[in-house]
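Have a look at the structure below, then the notes.
The values are calculated or read from the model by the stated rules, or taken from the named source; none is laboratory data. Because the structure is predicted, anything quoted here is derived from the model rather than measured. Here Cβ is always computed from backbone atoms with ideal geometry, including for glycine, and neighbour counts include all displayed protein chains. Accessible surface is based on the protein model in full, side chains and every heavy atom, while ligands, DNA and RNA are left aside. Shrake-Rupley method; radii C 1.70, N 1.55, O 1.52, S 1.80 Å.
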Amino acid sequence: MNTPLWEVFVRARNGLAHKHVGSVHAADATMAVQAARDVYTRRGEGLSLWVVPSNEIVASDPADKDMLFEPTGSKIYRHPTFYAVPEEVGHM
Amino acid sequence: MYSQALNTEEASSDISPDADRFQACIDDEQRIEPNDWMPDAYRRTLIRQISQHAHSEVVGMLPEGNWITRAPSLRRKAALLAKVQDEGGHGLYLYSAAETLGVSREDLQDQLLSGRAKYSSIFNYPTLSWADIGTIGWLVDGAAIMNQIPLCRCSYGPYARAMIRVCREESFHQRQGYEIMLTLCQGTTEQKAMAQDALNRWWWPCLMMFGPPDTDSQHSDTSMRWKIKRFTNDALRQKFVDATVPQGHFLGLNFPDPDLRLDDASGHWQFGAIDWAEFRAVLAGNGPCNRERLEARRKAHADGAWVREAALAYAAKQRIAA
């Protein structure tokens, strides 16, 4: 049997989100955390680790990119720069 | 460490709207991510290059591991241990990047252990003295950095990201190697002779690390067009020689090349002819240590089998108990 694959996420410091850094193979969650610690944090890269079974991640299909994300391209009224504010009003 | 340009690259004959979009994306300096459409030849080239690179890191632990128990001081021993551990880590970042292309870790390991996969020729040379550890850090890692910095901008995202991590860690390797050489060269006559002997043995194999001359590589333009590769073998080799020769002279060492001279017009160091027959022999499995290296990897894998089995059995038992 193949050893399961885990995706590794590291929080560099409090205040930042966990960020994906790569993957490790490990038989169980405890060993995955130990392996992730050895492989991805040898130089103080983080304060916290997440490991997630790779096959538990549900991802959008890159082929659906346009269907999913293109519609927002025309909705420029969602951005503050769409609205005119007179200079006299100052920063808003 | 790194994987040299020993890939036989594949010509891409894909003409489709997908292929056009793919190339346009690359021309626009965008990155390709794991689930994006890509030509089969691009995928195969990357799997081969990244896995050979990973194998090189892992096999590269062996020549240096040879000196851990004989390092001359605790400081040197701690540094060498950390370096060898880094090489193992680099191998794992790279296997992880290769796996995003749809190949399994077990297959990749099997390719190495069965002798089907190649790894960098440099690790088939023996480490005969402590000065070899200095020389490997200074020259082999120096050559690796030359090759790897452009790979940080490789078109394939996971490979480029792994290379950024590797390069960040690699500069400690080169500096610790040079420091070993500096200490030896400032030491006794015997110590300096040891440093010179190591340079004599490693210089030419290091130049071979960059792969065959540009005139010999037939499909180099495919990898360039795909932005997997950004500089030719000869361009990187010249860059390495130009950077390294003054460092060697500072140490007071002589390069084992009577033709080495500074060309005033171009500002480049010109060097003598490389023995490509030796390079081909080492790649074909007939270097000084090819068999020893593979045997060491096979033994490590076989000796660890019971640990892998026990860990999986324990995990299965815990799942049942839960």
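The residues listed here are A:ALA36, A:ALA32, A:ALA63; of these, the one that is within 30 Å of B:ALA54 (Cβ to Cβ), under 17 Å from the mean Cα position of the chain (by Cα), in a helix (DSSP H, G or I) and within 11 Å of chain B (Cβ to nearest Cβ) is A:ALA36.
Annotation: B:ASP36 fulfils all but one of (1) open to solvent by less than 50 Å² (accessible area, probe 1.4 Å); (2) out of contact with any helix residue (DSSP H, G or I) (no Cβ under 7 Å at 6 or more places or on another chain); (3) charged (D, E, K, R); the unmet one is (2). If you go through the range B:160-177 and keep only what is surrounded by 16 or more Cβ atoms within 10 Å (Cβ to Cβ), away from chain A (no Cβ under 13 Å) and more than 22 Å from B:SER121 (Cα to Cα), you end up with just B:GLN176.
If you scan the range B:231-261, which residues turn out to be in contact (Cβ under 8 Å) with a residue 40 or more places away in the chain, open to solvent by less than 50 Å² (accessible area, probe 1.4 Å) and part of a loop (DSSP other than H, G, I, E, B)? Steps first, please.
First pass over the range B:231-261, keeping only residues in contact (Cβ under 8 Å) with a residue 40 or more places away in the chain: B:231, B:233, B:236, B:239-240, B:243-244, B:247-248, B:251-257.
Next cut, open to solvent by less than 50 Å² (accessible area, probe 1.4 Å) only: B:233, B:236, B:240, B:243-244, B:248, B:251-253, B:255-257.
Residues satisfying the conditions are B:GLY252, B:LEU253, B:PHE255, B:PRO256, B:ASP257.
Checking each residue in the range B:1-22 for being modelled with pLDDT of 90 or more and closer than 29 Å to B:HIS55 by Cα picks out only B:PHE22. Between residues in the range B:295-322 that are assigned to a helix (DSSP H, G or I) and residues that are among the small types (Gly, Ala, Ser), which pairs lie under 6 Å by C-beta distance while being six or more apart or on different chains? Correct list of pairs: B:ALA311/A:ALA27; B:LEU312/A:ALA27; B:ALA315/A:ALA27.
Evaluating B:SER121 against the criteria (1) within 14 Å of chain A (Cβ to nearest Cβ); (2) open to solvent by less than 10 Å² (accessible area, probe 1.4 Å); (3) polar (S, T, N, Q) leaves one unmet condition, (1).
Identify the residue in the range A:1-19 that is facing another protein chain (nearest Cβ under 9 Å) and either touching a residue at least 60 places away in the same chain (Cβ under 8 Å) or open to solvent by 80 Å² or more (accessible area, probe 1.4 Å) (or both) and, among all such residues, is nearest to B:ALA313 (Cα to Cα). Looking at the filtered set, the residue picked out is A:MET1. Restricting attention to the range A:37-66, the residues that are free of Cβ contacts under 8 Å to residues at least 24 places away in the same chain and either surrounded by 13 or more Cβ atoms within 10 Å (Cβ to Cβ) or within 25 Å of B:GLY102 (Cα to Cα) (or both) total 13. Restricting attention to the range B:51-81 and to residues that are within 14 Å of chain A (Cβ to nearest Cβ) and either free of Cβ contacts under 8 Å to residues at least 24 places away in the same chain or among the polar types (S, T, N, Q) (or both), the residue that is least open to solvent (accessible area, probe 1.4 Å) turns out to be B:ALA78.
With the requirement that a residue be open to solvent by 20 Å² or more (accessible area, probe 1.4 Å) and either in contact with a Phe, Trp or Tyr (Cβ under 7 Å, 6 or more places away or on another chain) or more than 9 Å from chain A (Cβ to nearest Cβ) (or both), what does the range B:87-104 give you? Passing the criteria: B:GLY102, B:VAL103.
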